[in-house]
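The values are calculated or read from the model by the stated rules, or taken from the named source; none is laboratory data. Not measured: the values here are computed from a predicted model. Cβ sites come from the backbone with ideal geometry, for glycine too, and all protein chains shown count toward neighbours. Surface accessibility is based on the protein's heavy atoms, side chains included, excluding ligands, DNA and RNA. Shrake-Rupley method; radii C 1.70, N 1.55, O 1.52, S 1.80 Å.
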Amino acid sequence: MNIIVAVDKNWAIGKNNKMMWSIPADMRFFREKTTGHVVVMGRKTLESFPNGLPLKNRTNIVLTGNLGYHAAGTVIVHTIDELLERLKEYDEEELFVIGGESVYRQLLPYCDTAYVTKIDHAYEADTYFPNLDEMAEWEMTEVSDEQTSFDLEYVYSKYEKKK
């Protein structure tokens, strides 16, 4: 299973249920990686999308503890066990965890590849992704040349769990 995330230099991912930056090339990268695949997210992540609608051309799976939650065009699961059972229907390489913080933290142990866009700026934030650089079982295996969007510098990096 894969994780895809954009983080600032402190591994922050959001504030008030919103991303703190807009990098068109990174959104394109996200679309290219996830289109045609399965995306797994929490309820708040789904609700942060335009009009709270699921992502097009993807199977959207929402993990929520809210037993009464429904969202058109999504598959709703309520526990990690239920999610893992449902994910057996798909090729592991086609699964992308896309947030938010609690879903990332719960599913990181089940993932073996992380696509991390690292933004060279520190934001005021209230949600964070685990710092893979501090986790012995993860190693950065690829990093792009530095990219620039307006005044932001960033790189695309790939982390893989050590075998």
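Points to keep in mind about this one:
- In Hz, Karplus ³J(HN,Hα) per residue of the range 66-80 (6.51, -1.76, 1.60; θ = phi - 60°; x = Gly, Pro): 6, 5, x, 6, 9, 8, 4, x, 10, 9, 9, 10, 10, 9, 4
- Under 5 Å, built H, 5+ apart or other chain: amide partners of Thr127: Ile13, Gly14
- Length gained on full extension, Met19 to Asn131, computed as 0.36 nm times the residue gap minus the Cα-Cα distance: 38.6 nm.
- Ordering of 34-41, 143-150, 117-124 by burial proxy (mean other Cβ atoms within 10 Å per residue, highest first): 34-41, 117-124, 143-150
- Sulfur and carbon atoms: percent of accessible area, the range 1-104 [1.4 Å]: 49
- If only the Cβ of Lys and Arg carry +1 and only the Cβ of Asp and Glu carry -1, the dipole of the range 1-123 around its Cα centre is close to 540 debye.
- Estimated D of the range 32-84 in µm² per second, where Rh is the Kirkwood radius over Cα pairs and Stokes-Einstein applies at 25 °C, 0.890 mPa s: 217
- Summed over all non-identical Cα pairs, the Kirkwood treatment of the chain gives a radius of 16.2 Å.
- Here Arg105 sits with roughly 110 square angstrom of accessible surface, probe radius 1.4 Å.
- With a cut-off of 14 Å on the backbone N, the residues of the range 1-24 near the modelled label site 7 Å out from Arg31 along Cα-Cβ are 23-24.
- Debye log10 I(q)/I(0) at q = 0.16 Å⁻¹ for the range 25-113, Cα point scatterers: -0.59
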